[in-house]
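Single-structure report; data block below.
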Amino acid sequence: MNDFLQDIQKHVEIAAQTLKLNPEVLENIKTPNRILQFIIPLKRDNGKVETYPSFRIQHSNVLGPYKGGIRFSPNVNLEEVKALASIMAWKTSLIGLPFGGAKGGIQVDPYKLSRRELEDLSRGYVRAIYNFIGPDIDIPAPDINVNPQIISWMVDEYSKIEGKFVPASFTGKPINIEGSKGREIATAYCGAVILKKIIEDYFPKMLNKSPTVAIQGFGNVGANLARILKRAGFSIIALSDAKGAIQSISKNKRLDSDTIYQCIKENGMIANCYYAGSVCGHTQGLQLISNAELLEKEVDILVPAAIEGQINENNADRIKAKIILEMANGPTAGEAEEILENKGILIVPDILANAGGVAVSYLEWFQNIEQSYWPEIDVLERVEKMIVDAYEEVKKIAIERKVSLRQAAYIKAIERVAREFNLKKARKEI
Ligand code: NAD
């Protein structure tokens, strides 16, 4: 078991202990229901056939159909996807969705593929898992390096095999093929909503200033959050992506994330699917720093919005932020959590902070099933209510039980899954 998966299992076990969960129930709910591991062959443009290790882990469907994204990355591996699938199960439970948890991935560097190759690989993934997914079984969505364009190929492939258009088979679709308004910004929007609540409840003095923020990762989540926080009066002072990080040359001068985003957009595309530019391409008035330096900036709020394990026992004692808003899944690893807590740093856990994405995915699926389409304002209003309700309950549990927000979130999530598991067992549905 890798460290990431071990960390998640530990959170589950601590919550189970608090809830005095029956060991048999704990064993059942922390073990994935189904592990799909397969190879996708792809004919490259040079005529050679390459194979790509791929995964779909269906962790739990106690609360409803499996739900979770697909990640394209050269580093994706079975243990990582197992951890991410488990996180999804707790996240959907925490915010009260009628979904379970799953995750998928292809071990590939998608930036090295042509558009035709990327499309063929995406369609190959759907053919491989077709028998195990569907609107009532498992509904995949985007994760790192998977965007609405890729999802549109996947829906098309699924629909071709079905012989009819099935929009509810995937979420994160483009609006013109029955995606939901608000989906693209939902994760970041809800992260900002939670951050505002956290500041009001735990750091009211920050309300009188423009809190400083460093964001690691400038993709769907990081870039949208930067834009939303800028508009809300926060000072973004450092940004990064996989190529490196930037800050202003003048100390603590805010960055204009809108201009940076615009420049990245103007830098052309890879495979007509990914922006080729990087935040590091914009050096005017800016200084290049490393991702490691960004994490250690003296800021009010640190937002890891890239990959897991970025804050760990090697750098935890140098983190200076007051709040860590976990927009990535699993960014705080192992012993780091205790070190940060001892320093008085408040961690807003991933299963709460970034739950807006799956919340709007649910609303997209629901609109597809009902064939009714809502304006963005309605979508965001509904999702905000779901997230704020979950936050208030997590805060209450944290205060009553004197535990961290993460432990409180896990207690609430595990309790709901365990309760439903026991009911289903009594009805002999399990
Ligand atoms: P994305 O592919 O759109 O963007 C990822 C960003 O992270 C890119 O800017 C990339 O360059 C950067 N990155 C990758 N590796 C990095 C590294 N080692 N150091 C610094 N930066 C790095 O992905 P996304 O959808 O924005 O997802 C980001 C994180 O948020 C992931 O952990 C994902 O699981 C989580 N998340 C996403 C959503 C969603 O709706 N997209 C929902 C919940 C959670």
Net lengthening on full extension, I177/Q371 (0.36 nm per residue, minus Cα-Cα): 68.6 nm
Translational diffusion coefficient (Stokes-Einstein; Kirkwood radius from C-alpha pairs) of the range 16-67 at 20 °C, 1.002 mPa s, in µm²/s: 152 µm²/s
Sum of side-chain charges, G182 neighbourhood, beta-carbon under 12 Å (Lys, Arg +1; Asp, Glu -1): -3
Cα pair count fraction exceeding 21 Å, expressed as % - the range 184-348: 43 percent
Label-point separation, M269 to R44 (7 Å along Cα→Cβ), nm: 2.4 nm
Axial C-alpha extent at least 18 Å, average Kyte-Doolittle at least 1.0 - helices from the chain (DSSP): none
Ranking by accessible area, most exposed first, for V388, V155 with a 1.4 Å probe: V388, V155
Extension reserve of the N131-K205 stretch, reckoned as 0.36 nm per residue once the Cα distance is removed: 21.3 nm
Built amide H within the under 5 Å cut-off of Q310, gap 5+: none
Distance violations [Cα-Cα > 23 Å] among K253/K322; K385/K424; K230/K265: K385/K424
For the chain, built as a Gaussian network whose Cα springs stay under 10 Å, the top-fluctuating residue of N252, N131, N312: N131
Mean residue ellipticity (222 nm) of the chain, computed from DSSP H runs ≥ 4 via -39,500 (n - 2.57), nearest 500: -14500 deg cm²/dmol
Pairwise label distance in nanometres, K425 with F165, each label 7 Å out on the Cα-Cβ vector: 4.5 nm
Most to least packed among 96-104, 284-292 [average Cβ atoms within 10 Å]: 96-104, 284-292
Simple Cβ-charge dipole of the chain, Lys/Arg +1 and Asp/Glu -1, about Cα centre, in debye nearest 20: 280 debye
Rounded to whole Å, sorted largest first: equivalent-ellipsoid semi-axes of the chain, Cα gyration tensor: 31, 29, 20
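The values are calculated or read from the model by the stated rules, or taken from the named source; none is laboratory data. All values derive from a computational prediction rather than experimental measurement. FYI the Cβ positions are ideal-geometry reconstructions off the backbone, even for glycines, and counts take in every protein chain you see. The accessibility values were calculated without ligands, DNA or RNA, using every heavy atom of the protein model including side chains. Shrake-Rupley method; radii C 1.70, N 1.55, O 1.52, S 1.80 Å.
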